[in-house]
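Colleague: The structure under discussion is supplied below as structure tokens; questions concerning it will follow.
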Amino acid sequence: MSFHFLDLLIPISCAITLCLAWKDINARYMVVCCLLSSIVCLLSLNWAMTKPIGFYAWSMAMSGLFLVFVFGRRYWALKFGYIKFFSEAYDQHRYTPQEAILVAVSVICIVSNFITLVEVYMYWKYWFDNAYYKLYVRDNLQKIYDYLVFTYLPVVWL
């Protein structure tokens with residue numbers, strides 16, 4: 001059974017949230033940044049799936065890309081300030097508790113993927129007999145992350 005349609009849940013959630021949060025420019029800008037990082041993630045996913053150990057480094061990089069988009073929003077709004085949307089976004093920029101939760105979850109994913117990268121590499125080198133963390137912790141954390149982003153994004157900016 002193929003679950004490739006699940007990869008599209010986050011961009012769909014971002015699109016729905018964009019429509020729901022249209023009145024708040026700060027929320028709109030955050031959702032667009034989340035959507036951009038999600039698109040980069042989807043475009044490179046097929047390549048990453050071909051790397052058995054490098055996949056976890058890619059996953060860390062994608063979570064890091066999300067953090068770059070979150071923390072770089074004010075900088076990019078300043079750089080593109082000659083466009084009305086970005087000048088308004090710069091003036092009204094603020095960090096929200098919702099963003100703090102998404103940042104915390106992303107940092108947890110980065111740490112979890114680093115642990116998994118080390119564990120899978122050691123398993124590949126026959127230093128471990130089983131990849132317990134990857135099988136029982138990391139995969140469940142990733143499911144929780146996807147669920148949180150899919151369900152949390154549309155309702156936080158209502």
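The values are calculated or read from the model by the stated rules, or taken from the named source; none is laboratory data. Being a predicted model, the structure only gives us computed values, none of them experimental. Cβ: placed from backbone, ideal geometry, glycine included. Neighbour counts: every protein chain shown. Areas reflect the complete protein model, heavy atoms only, side chains present, ligands, DNA and RNA absent. Shrake-Rupley method; radii C 1.70, N 1.55, O 1.52, S 1.80 Å.
Colleague: Helix 139-156 sits at what angle to the longest principal axis of the chain, using alpha carbons and giving 0 to 90 degrees rounded to 10?
Modeller: 10
Colleague: Compute the relative contact order of region 13-69 as a whole-number percentage, counting only Cα pairs closer than 8 Å that sit 6 or more residues apart in sequence.
Modeller: Relative contact order, region 13-69: 32 percent.
Colleague: Sticking with this structure for a sec: Using only Cα atoms, find the angle between the long axis of helix 54-71 and the longest principal axis of the chain, and express it within 0 to 90 degrees, rounded to the nearest 10.
Modeller: 20
Colleague: Within straight cross-link reach of K51, meaning Cα distance under 26 Å, which lysines are found once same-chain residues fewer than 8 apart are removed?
Modeller: K125, K134, K143
Colleague: Quick one: in the chain, what % of C-alpha pairs are over 23 Å apart?
Modeller: Working: 5204 of 12403 pairs.
Distances greater than 23 Å cover 42 percent of the Cα pairs.
Colleague: Okay, moving on. Amide H of F128 versus every other amide H placed in the peptide plane: which residues, excluding those fewer than 5 positions away on the same chain, fall under 5 Å?
Modeller: Residues meeting the amide H criterion: Y123.
Colleague: Let me ask something else about it. Within a Cβ distance under 15 Å of F85, other residues only, what is the Lys/Arg minus Asp/Glu net charge? Show your work: numbers first, answer last.
Modeller: On the way: positive: K23, R28, R73, R74, K79, K84; negative: D24, E88, D91.
Once positives and negatives cancel, what remains is +3.
Colleague: Something else about it: Considering only protein heavy atoms and a probe of 1.4 Å, how much of the accessible area of the chain is carbon and sulfur, as a whole percent? Let's see the in-between values first.
Modeller: Working: 6910 of 9580 Å².
With neighbouring chains kept in place, the figure for the chain is 72 percent.
Colleague: For the chain, what does -39500 (n - 2.57) per DSSP helix run (n ≥ 4), summed and divided by total residues, give at 222 nm, in deg cm²/dmol to the nearest 500?
Modeller: Values: 7 runs with 116 residues, N = 158.
The helix-only estimate for the chain comes to -24500 deg cm²/dmol at 222 nm.
Colleague: Something else about it: Which angle from 0 to 90°, rounded to the nearest 10, does the C-alpha axis of helix 97-124 make with the longest principal axis of the chain?
Modeller: For helix 97-124, the angle is close to 20 degrees.
Colleague: Let me ask you something else. Assigning unit charges at the beta carbon (Lys, Arg +1; Asp, Glu -1) and nothing else, what dipole magnitude in debye, to the nearest 20, does the chain show about its Cα centre? Mind showing how you got there, number by number?
Modeller: Values: 12 positive and 9 negative charges, 61 e Å.
The calculated dipole for the chain is roughly 300 debye.
Colleague: What is the Cα centroid distance between region 39-60 and region 77-93, reported in whole angstrom?
Modeller: Region 39-60 and region 77-93 have Cα centres separated by 32 Å.
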